[in-house]
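Some notes on the structure that comes next.
Derivation of every value follows stated rules applied to the coordinates shown; laboratory data play no part. This structure is a prediction, so every number in the text was calculated from the model and none was measured. Cβ placement follows ideal geometry from the backbone for every residue including glycine, while neighbour counts extend to all protein chains displayed.
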Amino acid sequence: MSATRVLLKYCGDLTKVTLVEQSIVYGTPVVDGIAYAPVAWTRRPSIPALNAPDLPEHERPAAMTQFDDAADAVVNSLRTRASKATGHACALLEVSASMASDPAWRKGVKKRIARGIPPVQATTEATEEFVTIFERQGGIMAQRTTDLRDVRDRVIAHLEGRPEPGVPKPDHPVVLFADDLSPADTAGLDPDMFLALVTELGGPTSHTSIIARQLGIPCIVAARHISNIAEDEYVLIDGRAGTIQVGVTAEEAKGQLEEDHKRRELIEQWEGPGRLADGTRIELLANVRDGESAQEAASVGAQGIGLLRTELCFLDSQSEPSIEAQRQVYEPAFAAFPTSKVVVRTLDAGSDKPVPYATLHEEANPALGVRGLRTSGHYPDLLPHQLDAIAAAAKIHGHDKTWVMAPMVSTLPEAEWFASLVRERGMIPGIMVEVPSTAILAQQFMELVDFVSIGTNDLTQYTMAADRLSPDLAEYSDPWQPAALALINQIAQAGKQTGTPVSVCGEAAADPLLAVVLIGMGVTSLSISPSALQAVGAQLSQFTLEQCQAAAVAVLGAWDQGDARYRVRKALDING
Ligand code: PEP
Ligand code: MG
């Protein structure tokens, strides 16, 4: 969406009244914050035409060496950058480097060169072959197609004697505009130089979004109408409203930048525990994947773990780990929160999280297939083994603080059966609400289990019938969609009526503005990635329960996701 308005601009001298064109482009907001700086564009290079003539036989061996040299150069440059990066950025660069050295992909290219196809064309064709395979496998493999195409572009640049594509190296702060950003582009960005990220594609769960959250810089994705905004043009980015404004002067931007500065200070100073402005206590928990991330969560003020994603411990396991091996993996997470609540989610294998030993292959629609609790139908021993391992790990922690929930529950009998298995082991049973069928019957489900946790990533995906990984459907995968909000509200009301704790552990809880709405609806705890915890804690500390409730009332009946955000900002008297 975009809108243009022409303003008469008066600068204290009537003879100098000028016409200024201000235009606003809208995208999907991902990371809150204001930035004002000139645009620096980066675009993926176009793929060279695939019509070069065949190579004569005697030139083919040299062409293979040329390809190997180009691929080696890419591996080296990515590894050099990885050695200078840390955390997620380092891991992303290592993944890209390993793709450039992948023997099967290299063999695919050289096989084609041996048949006479020139190296650039051979690289393009072999890459597309692997992209098709990855896409067929779905889930995390499908997400790796961006990395692979990025490696292709880098290798082709070397083959053609050009510099590798990537983000510019500005000598002054900029807002980075891109059609799409690869993980290798975003890894290692300097937040002092790149004040905000805006992409035409990408979704709230894309690499761009993850990196922007980590860097704490405003980010807007799925901004479909930015292509006319020129290099070096000054733009005002509002990462909360999802707006990109052109034609704004530094003087006009000043007020918003100052307010944003205060907001950032509040975030840095926030230490927990979660509390509203009127003193109401709010349970702020963390989403973690292992002991290390649990430690990080404890260090930023999390009051416990609200989602331990156990499948992420086993993404590379070809066979089921023994009960003892699983216990050893879970125990450090409990150890990070020895006296607090820890919610463990049983294996969510399948769809976007394929686990080799627990995922069916060749499913036509993996997101609608055998995933989460449904895996038990095909692999009946996995769940009892996992629950035994969790119960064993919980011995150091206390079973009464160990809450265990199942993902992808969609029927009442499933919930009843799961709860009985968890209770048999002395732990507290719950379910994730991720499927509309469960949201619709929330009250009946609550009679069977002791708590629920709303997985808004999947609940939005299934409510809106929009693949959560699709870069083309970010507007639909937005938890601010009125239908998703109506269901969340319905679940929260059912929780109040039955006295059942209702948590939210999807990305919605990590959106500071939406967190206010969720608390107003009656959600009793939020579970958030450690990097977003302080921003949510700081935002909640600004509003009373009454204000949160007013925001929750205001949002219901919204026309679309933009209107929903607008209504809440208005109810809370927030500018922008
Ligand atoms: C969710 O669906 O919101 C959720 C928390 O689970 P995951 O993102 O791991 O599927
Ligand atoms: Mg989910």
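Numbers at a glance
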quantity	calculated
Neighbourhood net charge (15 Å Cβ-Cβ; Lys/Arg +1, Asp/Glu -1) for Met408	-1
Per-residue ³J(HN,Hα) for segment 279-296, Karplus 6.51 cos²θ - 1.76 cosθ + 1.60, θ = phi - 60°, Hz, x for Gly and Pro	x, 4, 6, 10, 7, 10, 10, 10, 8, 9, 10, 6, x, 5, 5, 5, 4, 4
Distance between modelled label sites at Asp171 and Lys262, nm, 7 Å Cα→Cβ extension	3.7
Percentage relative contact order, segment 219-329, counting C-alpha pairs under 8 Å, at least six apart	15
Descending principal axes extents, segment 107-249, alpha-carbon based, whole Å	59, 35, 26
Per-pair calculated FRET efficiency, R0 = 25 Å: Arg162 and Asp232 via Cβ, rounded to 0.05	0.65
Sum of side-chain charges, Arg309 neighbourhood, beta-carbon under 11 Å (Lys, Arg +1; Asp, Glu -1)	0
Candidate aspartates and glutamates for bridging to Lys353, where Cα separation is under 14 Å - those fewer than 8 sequence places away on the same chain excluded	Glu135, Glu311, Asp316, Glu363, Asp458, Asp467
Label-point separation in nm, Asp68 to Arg281, each point 7 Å along Cα→Cβ	6.6
Likely footprinting exposure, Glu283, Glu507, fewest C-beta neighbours within 10 Å first	Glu283, Glu507
Over the chain: Kirkwood hydrodynamic radius from C-alpha pairwise inverse distances, Å	25.3
Where only alpha carbons of segment 390-479 are counted, the Rg and the Dmax (Å)	15.2, 46
About the Cα centre, charge dipole magnitude for segment 319-420 (Lys/Arg +1, Asp/Glu -1 at Cβ), debye	340
Length-normalised contact order of the chain in % [C-alpha pairs under 8 Å, at least 6 apart]	14
Calculated P(r) tail over 27 Å for segment 32-174, as whole % of Cα pairs	28
Volume per residue of the C-alpha convex hull in segment 182-334, rounded to whole Å³	160
Whole-percent pair-distance distribution, where bins are 5 Å wide, for the alpha carbons of segment 535-576	6, 24, 29, 26, 13, 2
Partners for Lys496 among lysines (Cα-Cα distance below 28 Å; same-chain residues under 8 apart left out)	Lys341, Lys401, Lys570
Under 28 Å from Lys169, Cα to Cα: lysines that are on another chain or at least 8 residues apart	Lys84, Lys254
Inter-probe distance in nm under a simple model that places probes 7 Å from Cα toward Cβ, at Arg115 and Leu441	5.3
